[in-house]
Amino acid sequence: MTDTGAAERALELAEETRLPRRRRWTRRRSKEALLAYALLTPAFVVFVVFIFYPFARNFEYALYKTPPFPGLPRTYVGFDQIGDVLSSHDFLNSVWVTILFLLYTVPIGIFLGLALAVLAHQKLRGVNAYRTIFSSTVATSVAAASVIFFTLLNPQVGLFTYWLGRDGEISVLLDPKTALLAVSVTTIWQNLGLSFIVMSAGLQAIPDDLYEAARVDGASAWRRFWRVTVPMLSPTIFFASVVGGILAFRAFGQIDLLTEGGPNQKTNVLVYAIYREVFRNNNDGVAAVYAIALFLLVMMLTFFQMRFLERRVSYAR
Amino acid sequence: MSRVALDGVTKQFGDVVAVDDLTLEIADEEFLVLLGPSGCGKSTALRMIAGLEVPSRGTISIGGRVVNDVEPKDRDIAMVFQSYALYPHMTVRGNIEFPLKSRHVEKQDRDQLVADAAATLGLGELLDRKPGQLSGGQRQRVALARAIVRSPLAFLMDEPLSNLDAKLRVQTRAELIELQRRLAATIVYVTHDQVEAMTMGDRIAILNEGRLQQLGPSQGVYAKPANLFVARFIGTPPMNTVRGSVHRNGAGISVSLAGGMVPLPDDIARSVAARDVVEVVVGVRPEHLVMSHDGAVRALVTVVESLGHERHIVSRLEDGQMIIVRQPSDEVAPREAEAIGLVADPVHLHVFDAESGERIEP
């Protein structure tokens with residue numbers, strides 16, 4: 001009987017020691033959580049001041065009509081302004097131009113980045129020089145890139161004008177048929193460095209074994225590319241398409257410097273239209289509606305990419 | 001005929017000679033193991049046979065045809081990689097049929113061949129899984145299935161078992177030998193594991209620093225190592241090797257070691273005398289040493305390792321050289337720090353030229 005007594009006492013003792021230990025543990029946990037929040041605060045403050053608050057205020061702006069002259073009171077119009085803007089020709093044109101710009105720049109940008117990355121992935125003497133050259137546009141500012149292309153496309157002295165056989169014709173940047181294409185080419189060139197770096201990193205993560213196995217298995221270079229490289233690179237390609245899409249949606253500098261949204265609004269993408277409404281037309285209300293539309297468009301694009309593109313992505317390693 | 005032959009094959013990477021003048025012939029249906037420590041050139045040799053590396057000099061032929069300038073895909077070989085190199089985005093079926101699809105085999109034949117290969121390796125249930133969902137052993141079998149599916153002239157295997165755990169490795173080793181017999185396959189197998197080499201190979205080619213050290217059946221390599229490198233590399237625990245100087249006493253020759261004098265048997269003594277060597281290394285395998293009170297070589301026991309079925313008695317000569325004795329576990333074990341005498345049957349002595357490391361044959 002003394003044995004059971006001893007066992008019971010031991011159990012009680014264990015119970016007693018366990019409880020405070022758990023309490024001590026939770027205290028340490030809450031201390032850690034407190035520290036975590038403290039460390040998050042600076043970032044959170046920045047986000048609130050520069051992102052969340054302006055984002056919320058933007059919705060308010062969309063509900064008020066901006067007066068024709070500064071100083072006059074703005075008038076509350078509810079959803080009227082939103083409806084007017086969304087059905088306006090200018091807005092629909094901007095949406096269409098933005099989509100065209102996205103379609104021109106993203107797929108070609110990814111394709112060229114991948115092609116250059118595959119070329120530079122060869123084990124050749126001096127290939128590092130090419131790697132540096134191909135990635136150099138990352139270090140080029142939008143302004144510099146735009147000035148380079150502005151010169152190349154100059155109707156009198158531009159090299160591209162000569163190559164395209166457009167001597168004596170109107171500038172490519174002023175021709176409604178070609179302006180958006182010209183801006184797109186500039187953008188593709190500007191983003192090529194990033195695309196190249198991302199694709200190169202993706203290629204380097206593919207084990208050499210797989211290519212060697214495929215070579216022994218009898219796969220041609222073409223088949224190795226399509227059946228090994230592309231599937232293994234699909235997460236990278238997906239990432240590049242998401243980033244490329246975002247970059248296309250927020251393109252501003254090259255348009256401002258090359259065409260200012262013209263000719264005849266043919267390059268007036270949404271971001272540029274927002275800028276024009278605020279700083280040229282002083283129309284904050286209309287600009288706010290454009291901004292909301294841009295936000296929704298980006299969200300839709302991301303949803304589309306997640307839903308339909310990512311399904312074809314293989315993350316298996 | 002799937003004979004594989006290397007003739008004077010050398011591979012240089014810059015200043016580094018990875019494989020140095022390797023001449024080797026692998027017979028039809030032979031299981032040849034390339035064995036050596038890491039960096040000895042065995043994998044490079046295999047990769048040259050596969051066509052993944054181009055030899056700097058020499059010729060490689062497969063099935064009687066020189067293949068130096070032939071693409072890997074046209075050499076009619078299959079390779080199993082250490083990492084298995086399965087295509088992670090394809091199912092098991094996709095992986096196995098990849099070599100067939102690359103060669104434009106008709107769908108009907110393809111399905112049949114994949115089913116056969118999968119059945120041979122017991123993968124029937126797993127055909128629709130992805131490699132990521134398989135265990136290490138299963139992945140290894142998929143890699144094998146991908147290799148056997150198109151019945152190549154020869155199989156090249158680069159440490160295919162090294163990613164498996166010890167138990168599975170022993171099991172897979174036996175299965176691989178069975179498979180080789182069943183398919184009557186020619187296999188060139190690279191490993192650094194001498195147990196794998198001894199158990200699997202019809203013959204073993206031992207490489208060190210790019211050079212072929214010895215080629216022969218496993219028992220022959222074990223019984224008569226051609227040089228000190230092979231003697232020390234093959235066998236666990238390794239052969240005891242002790243350096244000593246040659247002493248002539250009348251007609252016979254003895255070797256003076258740190259722990260005492262060891263007389264050499266007459267036939268070896270004659271060879272030693274004929275070669276006029278001064279310093280030799282005497283080798284004896286742990287299982288050929290017997291502890292005896294009147295043993296001529298004296299040593300001090302430092303550690304007694306018990307393995308259940310046997311013991312390893314680790315001892316040191318007076319100059320600190322380590323000697324390991326293998327002792328059946330039913331004998332009385334010595335105590336640590338006990339002084340022992342060691343005796344070996346002269347027929348089990350290996351004598352090497354201390355300078356060149358070459359074996360001195362009787």
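The values are calculated or read from the model by the stated rules, or taken from the named source; none is laboratory data. Here the structure is a predicted model, which means the values were calculated and not measured. Cβ coordinates were reconstructed from backbone atoms using ideal geometry, including for glycine residues, and neighbour counts include every protein chain displayed.
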Q. What's the number of the condition residue B:110 fails, among (1) in contact with a helix residue (DSSP H, G or I) (Cβ under 6 Å, 6 or more places away or on another chain); (2) in contact (Cβ under 8 Å) with a residue 24 or more places away in the chain; (3) not aromatic (Phe, Trp, Tyr)?
A. (2)
Q: Looking at (1) part of a helix (DSSP H, G or I); (2) among the hydrophobic types (A, V, I, L, M, F, W, C); (3) within 12 Å of chain B (Cβ to nearest Cβ), find the lone condition where residue A:219 falls short.
A: (1)
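Conditions tested, residue by residue: (1) within 14 Å of another protein chain (Cβ to nearest Cβ); (2) touching a helix residue (DSSP H, G or I) at 6+ places or on another chain (Cβ under 7 Å); (3) among the acidic types (Asp, Glu).
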| site | (1), (2), (3) |
| --- | --- |
| B:21 | no, no, yes |
| B:27 | no, no, no |
| B:35 | no, yes, no |
| B:49 | yes, no, no |
| B:53 | yes, yes, yes |
Q: Just give me the residues in segment A:161-180 being part of a helix (DSSP H, G or I) and surrounded by fewer than 16 Cβ atoms within 10 Å (Cβ to Cβ), in sequence order.
A: A:162, A:163
Q. Name the pairs whose Cβ atoms lie under 6 Å apart, with the first residue in segment A:294-317 and within 14 Å of another protein chain (Cβ to nearest Cβ), the second at pLDDT 85 or above and assigned to a loop (DSSP other than H, G, I, E, B), and 6 or more positions between them or separate chains?
A. A:314/B:89; A:316/B:88; A:316/B:89; A:316/B:130; A:317/B:88
Q.
Looking at segment A:175-195, can you tell me whether even one residue there is charged (D, E, K, R) and within 8 Å of chain B (Cβ to nearest Cβ)?
A. no
Q | strands (runs of 3 or more DSSP E) contained in segment B:1-105 and holding at least 3 residues within 18 Å of the chain's Cα centre (by Cα) and either over 19 Å from residue B:205 (Cα atoms) or touching a residue at least 24 places away in the same chain (Cβ under 8 Å) (or both) | A | B:16-26, B:31-35
Q: Identify all residues within segment A:222-267 that are within 14 Å of another protein chain (Cβ to nearest Cβ) and within 15 Å of the chain's Cα centre (by Cα); write none if there are none.
A: A:236, A:237, A:238
Q: Examine segment A:269-276 for a residue that is modelled with pLDDT of 85 or more, in contact with a Lys or Arg (Cβ under 8 Å, 6 or more places away or on another chain) and within 19 Å of residue A:89 (Cβ to Cβ), and state whether such a residue exists.
A: yes
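Results for (1) among the hydroxyl-bearing types (Ser, Thr, Tyr); (2) more than 30 Å from residue B:34 (Cβ to Cβ), shown as yes or no for each residue.
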| residue | (1), (2) |
| --- | --- |
| B:233 | no, no |
| B:236 | yes, no |
| B:256 | yes, yes |
| B:268 | no, yes |
| B:285 | no, no |
| B:305 | no, yes |
Q) Within segment B:46-71, how many residues are out of contact with any strand residue (DSSP E or B) (no Cβ under 7 Å at 6 or more places or on another chain), modelled with pLDDT of 90 or more and not charged (D, E, K, R)? A) 4
Q: Check off (1) outside any loop (DSSP other than H, G, I, E, B); (2) in contact (Cβ under 8 Å) with a residue 12 or more places away in the chain; (3) within 14 Å of chain B (Cβ to nearest Cβ) for residue A:206 and give me the number that stays unchecked.
A: (1)
Q: Please go through segment B:121-176 and pick out each residue that is touching a residue at least 40 places away in the same chain (Cβ under 8 Å), in a helix (DSSP H, G or I) and surrounded by fewer than 17 Cβ atoms within 10 Å (Cβ to Cβ).
A: B:132
(Q) Can you pull out every residue in segment B:303-317 that is assigned to a loop (DSSP other than H, G, I, E, B) and either of a type in the set (Val, Ile, Thr) or out of contact with any Lys or Arg (no Cβ under 9 Å at 6 or more places or on another chain) (or both)? (A) B:307, B:308, B:309
Q: Inspect segment B:61-70 for any residue being surrounded by 20 or more Cβ atoms within 10 Å (Cβ to Cβ), within 14 Å of chain A (Cβ to nearest Cβ) and farther than 30 Å from residue A:205 by Cβ and give the result as yes or no.
A: yes
Q: Of all residues in segment A:60-93, count the ones that are under 11 Å from residue A:286 (Cβ atoms) and assigned to a helix (DSSP H, G or I).
A: 9
Q) Going by the structure shown, is residue B:42 buried (at least 17 other Cβ atoms within 10 Å of the Cβ), more than 12 Å from chain A (Cβ to nearest Cβ), in contact with a Gly (Cβ under 8 Å, 6 or more places away or on another chain) and over 27 Å from residue B:141 (Cβ atoms)? A) no
Q | Tally of residues being in contact with an Asp or Glu (Cβ under 9 Å, 6 or more places away or on another chain), crowded, with 23+ Cβ neighbours inside 10 Å and under 15 Å from residue B:124 (Cβ atoms) across segment B:89-105 | A | 2
Q: Check segment B:284-302 and report whether any residue there is without any contact (Cβ under 8 Å) to a residue 24 or more places away in the chain, buried (at least 18 other Cβ atoms within 10 Å of the Cβ) and in a strand (DSSP E or B).
A: no
Q) Just wondering, is there one or more residues in segment B:263-279 that are surrounded by 18 or more Cβ atoms within 10 Å (Cβ to Cβ), among the hydrophobic types (A, V, I, L, M, F, W, C) and in a strand (DSSP E or B)? A) no
Q: For residues that are farther than 26 Å from residue A:230 by Cα and surrounded by 21 or more Cβ atoms within 10 Å (Cβ to Cβ), tally how many sit in segment A:94-112.
A: 3
Q. So how many residues does segment B:88-114 have that are of a type in the set (D, E, K, R) and facing another protein chain (nearest Cβ under 9 Å)?
A. 2
Q | Whichever residue in segment B:326-362 is among the small types (Gly, Ala, Ser) and within 25 Å of the chain's Cα centre (by Cα) and, among such residues, is farthest from residue B:304 (Cα to Cα) | A | B:356
